[in-house]
Amino acid sequence: MWLFFQEHWRDGIEILLLAVCIYQIYRAFRATRGAQILVGLGSILLVLTLVSAIFKFAVMGWIITRTAAILAFALIVIFQPELRDALAKLGSKRIFSMFSSKSRLVFLERFTDSVIALSKKRIGAIFAIQRDISLKKHLETGVVLDALFSPELAMAVFHPKAPLHDGGMIIADDRVAGAACVFPVTQREMHDRSTGLRHRAAIGLTEETDAVAVVVSEETGGISICIDGRLERNLTEKQFREKIADIFLSGKPTNETDPVEKLDREDSVASSSDRDLVSD
């Protein structure tokens with residue numbers, strides 16, 4: 001037994017590393033259109049390979065061998081959005097905090113109070129808190145403000161009759177970088193058809209960046225948090241405060257629940273006004 005371990009311990013480590021890599025790839029690409037394409041191509045290739053092996057079709061076997069090599073390059077094109085987002089998140093290092101501990105506490109207190117106030121008044125809103133990956137390209141779609149964040153400012157910006165309410169607010173450090181910003185809407189197929197554009201935009205933005213998106217529903221006043229493409233809806237005031245603290249203070253990992261399964265369990269209905277985020 002000991003001799004077997006001495007001879008094959010490297011094989012065990014190699015298998016373990018491969019298993020970890022495959023699992024991380026699965027986590028990165030699950031519930032995406034690219035994953036569905038990969039499953040479809042894999043199924044077709046497997047069936048053709050079995051048919052070729054059983055009936056010994058020489059020409060089909062030759063085609064499959066050549067196609068497999070080309071398919072490796074095709075996958076790079078198919079998974080280009082997912083690969084770009086994964087590399088961007090891999091390159092971001094959260095060694096340093098977003099800003100100093102004291103100013104962070106002040107900002108988080110103001111921010112949570114603002115979101116809860118908007119929720120109680122049922123004023124629709126979407127916030128994007130920048131972390132390591134810059135949101136400059138999204139800031140360029142709105143109006144640059146560069147103002148100190150406050151509950152009064154948030155209420156003024158997202159008031160239904162305010163000129164800047166139709167869009168998202170970007171927060172960098174403890175300051176409002178801009179408002180009326182347009183965020184990318186996720187291309188993922190939603191099982192919950194009630195998910196409005198504000199929530200879809202929150203998912204789309206956090207799929208591309210490491211930002212934290214917070215959404216307030218105009219119809220129900222429900223508070224949602226989205227991070228890494230995972231949306232948690234209908235948070236209570238206590239849950240929202242705890243979630244924000246977990247993300248920005250304790251450094252605890254976010255919930256790893258599958259985003260599609262998470263959306264399937266939610267029963268809130270997004271209002272038709274939530275569809276104002278993206279221009280016609």
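Bear in mind that the values in this text are calculations on the coordinates, not laboratory data. Keep in mind the model is a prediction, meaning the values are calculated, not measured. When we count neighbours, we look across all protein chains shown, and the Cβ atoms used for this are built from the backbone with ideal geometry, even at glycine.
Arranged from fewest to most other beta-carbon atoms within 10 Å of their beta carbon, Met190, Met169 become Met190, Met169.
Please give the length that would be gained between Val20 and Thr65 if that part of the chain were fully extended, namely 0.36 nm times their separation in residues minus their C-alpha to C-alpha distance (nm, one decimal). Spell out each step's value before the answer.
Details: separation 45, 0.36 × 45 = 16.20 nm, distance 2.76 nm.
Difference between extended and current length: 13.4 nm.
Applied to region 164-173, the Karplus parametrisation 6.51 cos²θ - 1.76 cosθ + 1.60 on θ = phi - 60° returns per-residue 3J(HN,Hα) values of 9, 6, 7, x, x, 9, 9, 10, 10, 6 Hz, with x for Gly and Pro.
Relative contact order, percent, of region 102-201 when contacts are C-alpha pairs under 8 Å separated by at least 6 residues? Walk me through the intermediate numbers first.
Values: 134 pairs, mean separation 29.4, N = 100.
Worked out over region 102-201, it gives 29 percent.
What is the distance in Å between the Cα centroid of region 154-204 and that of region 104-152? Comparing the Cα centres of region 154-204 and region 104-152, I get a distance of 10 Å. Among the GluC sites (Glu not before Pro) within region 183-222, those in coil by DSSP and having at most 13 neighbouring Cβ atoms inside 10 Å are Glu189.
Within region 189-228, report the trypsin sites (Lys or Arg not before Pro) that DSSP leaves as loop and that have at most 12 other Cβ atoms within 10 Å.
Answer by residue number: Arg193.
Remark on Ile171: its backbone amide H falls under 5 Å from those of Ala128, Ile129, Gln130, Ala177, a criterion applied only to residues 5 or more positions apart or on other chains, H modelled at 1.01 Å from N.
Strictly over 21 Å apart at the Cα level, which of Lys120/Lys243; Lys120/Lys238; Lys137/Lys243; Lys121/Lys238; Lys102/Lys137; Lys102/Lys243 would you flag in this model? Write out the running numbers ahead of the final one.
On the way: Lys120/Lys243 19 Å; Lys120/Lys238 14 Å; Lys137/Lys243 27 Å; Lys121/Lys238 17 Å; Lys102/Lys137 29 Å; Lys102/Lys243 19 Å.
Violating the 21 Å limit, Cα to Cα: Lys137/Lys243; Lys102/Lys137.
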